[in-house]
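The structure under discussion is supplied below as structure tokens; questions concerning it will follow.
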Amino acid sequence: MRVISGSARGHRLQSVPGDGTRPITDRAKEALFSILGNWIEGRYVLDLFGGTGAVGIEALSRGAEHAFFVDRSRAAVRTILQNLSHCRMADLATVTRRDSFDFIEKFEGEPFDLVYIAPPQYRELWKKALKAVDAGVGLLVDDSVVIVQIDPHEEAPIKLDTLIEFDRRRYGSVLLIFYEVSEAAE
């Protein structure tokens, strides 16, 4: 696992000890940021269920202004902090050890342009997290993008009030589903 492009290109990222996280594959991450392109520059990013921090760190490497990482695991938070330090990006990030659902429910602060959701798989947590982001007050701006990373076997219909799906891509065992704020909700 490495940073693919930008200012931290080539830096290797540490994995979280144990098997409690499922980091995004380099192939899927490269495709994800190819889709986002230069849009990511200057953006505020929320990496929920941060794990290794690979997505938020890649966003920072490609010009995002700030990344906020949330994970309730001590080991994951320690890994994110080490990876940020290794890539010399600690000053561009906020890392908090907290339950992602609690963070969304009690959120106050600057809204996010990109929200990345990659919870532990096969527990339907992605649906709960996406619904919470969909209902979150002040969490998103009009042109926010929300991306969910799941195993394709987890995919199921979901009813949302403000977000609409606009793309989906499969890369082996990684399915990325892209959402945007619907015009009716703006």
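Just so you know, all these numbers are worked out from the coordinates, no wet-lab data involved. Since this is a predicted model, take the numbers as computed values, not measurements. So basically every Cβ, Gly included, is an ideal-geometry build from the backbone, and we count neighbours across all protein chains shown.
Name the residue from Pro17, Leu176, Ala67 whose Cα lies farthest towards the positive end of the charge dipole of the chain, charges +1 on Cβ of Lys and Arg and -1 on Cβ of Asp and Glu.
Sorting the options by dipole projection puts first Pro17.
Right, here's the next one. Rounded to the nearest 5, what % of DSSP beta bridges with both residues in the chain are antiparallel? Walk me through the intermediate numbers first.
Details: 15 of 34 bridges.
Antiparallel bridges make up about 45 percent of those DSSP assigns within the chain.
Taking the Cα centroid of region 1-72 and of region 82-132, what is the distance between the two, rounded to the nearest whole Å?
Spelled out, the Cα-based centre of one part sits 12 Å from the other.
Of Phe112, Ala93, Val77, which is farthest on the positive side of the dipole of the chain, counting Cα position, with +1 on Lys and Arg Cβ, -1 on Asp and Glu Cβ, and the Cα centre as origin?
Most positive-ward Cα: Val77.
Stretch Arg123-Phe166 to full length: gain in nm at 0.36 nm per residue minus the Cα-Cα span?
On the way: separation 43, 0.36 × 43 = 15.48 nm, distance 2.41 nm.
That pair, Arg123 and Phe166, stretches by 13.1 nm at full extension.
In debye, nearest 20, what is the charge dipole magnitude of the chain about its Cα centre with +1 on Lys and Arg Cβ and -1 on Asp and Glu Cβ, if you could check? Let's see the in-between values first.
Numbers: 23 positive and 28 negative charges, 207 e Å.
Roughly 1000 debye for the chain.
Shifting gears a bit: Can you work out the FRET efficiency for the pair Glu30 and Lys106, with r the C-beta to C-beta distance and R0 = 30 Å, to the nearest 0.05?
Working: r = 34 Å, r/R0 = 1.14.
Using R0 = 30 Å, I get an efficiency of 0.30.
What is the distance, in nm, between label points placed 7 Å from the Cα along the Cα-to-Cβ direction at Glu41 and at Asp91?
With each label placed 7 Å out from Cα toward Cβ, I get 2.1 nm.
So what's the net charge close to Arg2: Lys and Arg +1, Asp and Glu -1, counting the other residues with Cβ under 13 Å from its Cβ?
Residues near Arg2 contribute +1 overall.
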